[in-house]
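The structure appears right after this line, and notes come after that.
The values are calculated or read from the model by the stated rules, or taken from the named source; none is laboratory data. The structure presented is a predicted model; accordingly, all values stated were derived computationally and were not measured. As a convention, Cβ positions derive from the backbone with ideal geometry for all residues, glycine included, and neighbour counts pool all protein chains shown. For the accessible areas, the whole protein counts, side chains as well, though only heavy atoms, and no ligand, DNA or RNA atoms are used. Shrake-Rupley method; radii C 1.70, N 1.55, O 1.52, S 1.80 Å.
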Amino acid sequence: MKLLVINGPNINMIGIREKSIYGDVSYEEIVSEIKTYAKSKNIEIKVKQSNHEGDLVTWIQDAYFKKYDGIIINPAAYTHTSIAIADAIKAISPIPVIEIHLSDISDREDFRKISYCAPYCIKQIKGFGYKGYLMAIDEFLSL
Ligand code: DQA
């Protein structure tokens with residue numbers, strides 16, 4: 001199985017930003033945890049991060065052309081604003097996409113309760129910190 005992990009803006013600042021919400025595990029450590037876990041499950045995985053909306057759209061499209069089996073995406077703030085990312089997820093259907101958030105977006109400001117992506121994802125995992133990425137891998141294994 002081949003999975004692509006896509007992280008949106010400011011996820012590279014995890015471990016530095018708002019530690020009371022996102023924890024103090026660094027982005028680099030999270031990437032390493034994801035890669036180690038995927039390897040232990042015999043999954044080929046690529047982990048990417050960008051602060052630019054268009055990069056996320058391009059990488060979602062790439063997953064289709066490069067024949068990935070699924071995408072794990074934390075669109076970060078673009079979750080709540082980006083129709084372009086939602087359209088890209090819709091465009092590559094039936095490649096399954098799981099949306100993940102480190103924090104519980106349903107228990108924060110009202111604007112975070114809206115996800116333009118969620119309707120086109122097979123699942124949304126939120127509030128489990130970086131473990132959410134590992135849970136998403138398990139979810140793909142169980143499909
Ligand atoms: C986040 C939640 C978003 O609302 C926020 O803009 C982020 C991170 C999360 O992982 O909890 O940057 O996606």
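Summary table below
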{"item": "Subset tally (residues that are within 20 Å of MET135 (Cβ to Cβ), open to solvent by less than 60 Å² (accessible area, probe 1.4 Å) and not in a helix (DSSP H, G or I)) for segment 55-89", "result": "7"}
{"item": "Single match in TYR78, TYR27 (criterion: touching a residue at least 60 places away in the same chain (Cβ under 8 Å) and among the aromatic types (Phe, Trp, Tyr))", "result": "TYR78"}
{"item": "Residue under evaluation VAL97, criteria (1) closer than 22 Å to MET13 by Cβ; (2) in contact with a strand residue (DSSP E or B) (Cβ under 6 Å, 6 or more places away or on another chain); (3) surrounded by 15 or more Cβ atoms within 10 Å (Cβ to Cβ), criterion not met", "result": "(1)"}
{"item": "Qualifying residue in segment 88-95 (condition: near the ligand (Cβ under 10 Å from one of its atoms), touching a residue at least 24 places away in the same chain (Cβ under 8 Å) and among the hydroxyl-bearing types (Ser, Thr, Tyr))", "result": "no"}
{"item": "Tabulated pairs, segment 5-20, first over 15 Å from HIS52 (Cα atoms), second open to solvent by less than 80 Å² (accessible area, probe 1.4 Å) and assigned to a loop (DSSP other than H, G, I, E, B), C-beta under 7 angstrom, 6+ apart or interchain", "result": "ILE14/SER26; ILE14/LEU102; GLY15/VAL25; GLY15/SER26; ARG17/ASN10"}
{"item": "Tally, over segment 1-54, of residues that are crowded, with 17+ Cβ neighbours inside 10 Å, part of a helix (DSSP H, G or I) and within 12 Å of the ligand (Cβ to nearest atom)", "result": "5"}
{"item": "Some residue of segment 103-116 being near the ligand (Cβ under 9 Å from one of its atoms), in contact with a Lys or Arg (Cβ under 8 Å, 6 or more places away or on another chain), of a type outside the set (Phe, Trp, Tyr) and in a loop (DSSP other than H, G, I, E, B)", "result": "yes"}
{"item": "Checklist (1) within 17 Å of GLU139 (Cβ to Cβ); (2) under 13 Å from the mean Cα position of the chain (by Cα) applied to PRO94, failing item", "result": "(2)"}
